Amino acid sequence: MKIPPFIAESHNNTPVGSATISYPVLHKTAGGTGTFEDPITIAVGHSLASGKDVLDYPAGTKIYLPDVRRYFIVEDTCGDGNDPENGPCHQGTSVEGSNSTTWIDMWIGGQSMNASGADNCAGKVTNVNTAVFNPVSNYVVASGAGVIHDGKCDAGYGNALVKK
C-alpha cells in the first residue's frame, strides 16, 4: 500500500516537545529502535464521531516502512481537537487502495537534534511511500537505533522490500 506519511518527532508532537503517547503498547513514551522486536512508535488518524476514540488502525498494529528500513507500531493518535476525523490525519482510501490519503506520523526521535535538523529529516522522509501493514519479521533493518541516530537522518532507501 502506498501512503503519504507525515512525520512526528519531538519538535512537533502534541504537546510540543514531548514524547507523550495516547495508546502505549510496548513503550511508555514514543520510542523504539526499529527492529521487529522493538518497533518505533507511530501515530495514526482517529475519530471521535461515535463518542469513542476509534483509531484508523488498532493499537499494536505493526508497520514496516522500507524507505527508512524500520518497523513501527501503532501507539499514538494523529490529529487534535474535538473532531480529528475532519482533519488531514483521518482520511479514507478507495476500495482498491489507490489514491490513498492515509496519513501516519512516525516518531523520528528528533530530540537529539535542534528543531531545524529534525525538520530537515522530517522533510526527507515525508512523501508517498510504501508501507507494509502486519509485516513479516525478516525485512532488512538499517543499523542504528531509530530514524535519527548518531547525528544523522537515516532515510532514503526507497520503496523496495529487501529481506534478510
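The values are calculated or read from the model by the stated rules, or taken from the named source; none is laboratory data. In this text the structure is predicted, and so the values were computed from the model without any measurement. Methodologically, a virtual Cβ is constructed for each residue, glycine included, from the backbone with ideal geometry; neighbour enumeration extends over all protein chains shown. To get the accessible areas, we keep the full protein, side chains included, count just its heavy atoms, and leave off ligands, DNA and RNA. Shrake-Rupley method; radii C 1.70, N 1.55, O 1.52, S 1.80 Å.
Residues in the range 28-46 that are at pLDDT below 95 and open to solvent by 20 Å² or more (accessible area, probe 1.4 Å): Lys28, Thr29, Gly32, Thr33.
Within the range 109-121, does at least one residue satisfy the condition of being under 17 Å from Pro39 (Cβ atoms), in a loop (DSSP other than H, G, I, E, B), of a type outside the set (Lys, Arg) and modelled with pLDDT of 90 or more? No, there is no match, as no residue in the range 109-121 is under 17 Å from Pro39 (Cβ atoms), in a loop (DSSP other than H, G, I, E, B), of a type outside the set (Lys, Arg) and modelled with pLDDT of 90 or more. Within the range 65-76, does at least one residue satisfy the condition of being modelled with pLDDT of 80 or more, over 21 Å from Asp38 (Cα atoms) and surrounded by fewer than 22 Cβ atoms within 10 Å (Cβ to Cβ)? So far as the range 65-76 goes, no, none of its residues is modelled with pLDDT of 80 or more, over 21 Å from Asp38 (Cα atoms) and surrounded by fewer than 22 Cβ atoms within 10 Å (Cβ to Cβ).
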